[in-house]
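The values are calculated or read from the model by the stated rules, or taken from the named source; none is laboratory data. Quantities reported herein were computed from a predicted structural model and do not represent experimental measurements. Heads up, the Cβs are rebuilt from the backbone with ideal geometry, glycines too, and the neighbour counts pull from every protein chain shown.
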């Protein structure tokens, strides 16, 4: 049977993870994870030479996240592709969320071409984020990928993510790099780039996906609970079989 890859939020308590997933190996694939090897899988990791899309490889950035944030265009603020912006990495001062000063996000710029139409969120994911993450995995993460493949040969594994598990086409949730990683490990990485546009989730698909994941979580919790109960009965029976027979006096006292 092929082993499975599960994804969960890293902020969950260990006991809740154990209740749902048992004792399968856990790998924190965020930038702040405890194992530096698997932190390389984060889009915030400073690999240092990621090519900025639509620049004919004349521009590189320190991290995928620096590119993703730098290409954002807002109502009152354009893309930021200066050396300072592209040198950013990690989880501090790298995000560019909409706010009162910037205004609403309008889309992502096509590299050094502000005159071209902006990319929508689903286009940016398919044309920028997914191709860049694939490039990162192939050029900088081979050791981490090999370690995860080795673990998968032995059992199911759990990837710990900073956000909520979701589909890469679900534009109502942040882009989950762990889902792309899961697909890559299973040789199911989605086709991406301008020749392979993605269809975004509808609101109904988003809500259906949330409900499906809830039901799957409930099923895993029930399965783990039943497994623990079964193991407890088996351990009790084994212990009773190994124990010595009680003396006659003990039997009489137990019957009072």
Is it true that residue 64 is surrounded by 18 or more Cβ atoms within 10 Å (Cβ to Cβ) and touching a strand residue (DSSP E or B) at 6+ places or on another chain (Cβ under 8 Å)? yes
Would you confirm whether any residue within the range 32-40 is part of a helix (DSSP H, G or I) and buried (at least 17 other Cβ atoms within 10 Å of the Cβ)? yes
All conditions in (1) surrounded by 12 or more Cβ atoms within 10 Å (Cβ to Cβ); (2) within 22 Å of the chain's Cα centre (by Cα); (3) within 26 Å of residue 199 (Cα to Cα) are true of residue 79 except (2)
Of the residues in the range 118-156, those that are surrounded by 20 or more Cβ atoms within 10 Å (Cβ to Cβ), in contact with a strand residue (DSSP E or B) (Cβ under 6 Å, 6 or more places away or on another chain) and outside any helix (DSSP H, G or I) come to 119
Qualifying positions in the range 1-36 - in contact (Cβ under 8 Å) with a residue 12 or more places away in the chain, touching a strand residue (DSSP E or B) at 6+ places or on another chain (Cβ under 9 Å) and within 30 Å of residue 84 (Cβ to Cβ): 10, 28, 29, 30, 33
Within the range 1-10, take every residue that is in a loop (DSSP other than H, G, I, E, B) and modelled with pLDDT of 95 or more and give me the one that is surrounded by the fewest Cβ atoms within 10 Å (Cβ to Cβ). 3
Please determine whether any residue of the range 200-207 is surrounded by fewer than 19 Cβ atoms within 10 Å (Cβ to Cβ), within 30 Å of residue 119 (Cα to Cα) and touching a strand residue (DSSP E or B) at 6+ places or on another chain (Cβ under 7 Å). no
Assess whether residue 17 counts as being within 22 Å of residue 174 (Cβ to Cβ), at pLDDT 95 or above and surrounded by 12 or more Cβ atoms within 10 Å (Cβ to Cβ). yes
Determine whether the range 151-171 contains at least one residue that is at pLDDT 95 or above and under 24 Å from residue 57 (Cβ atoms). no
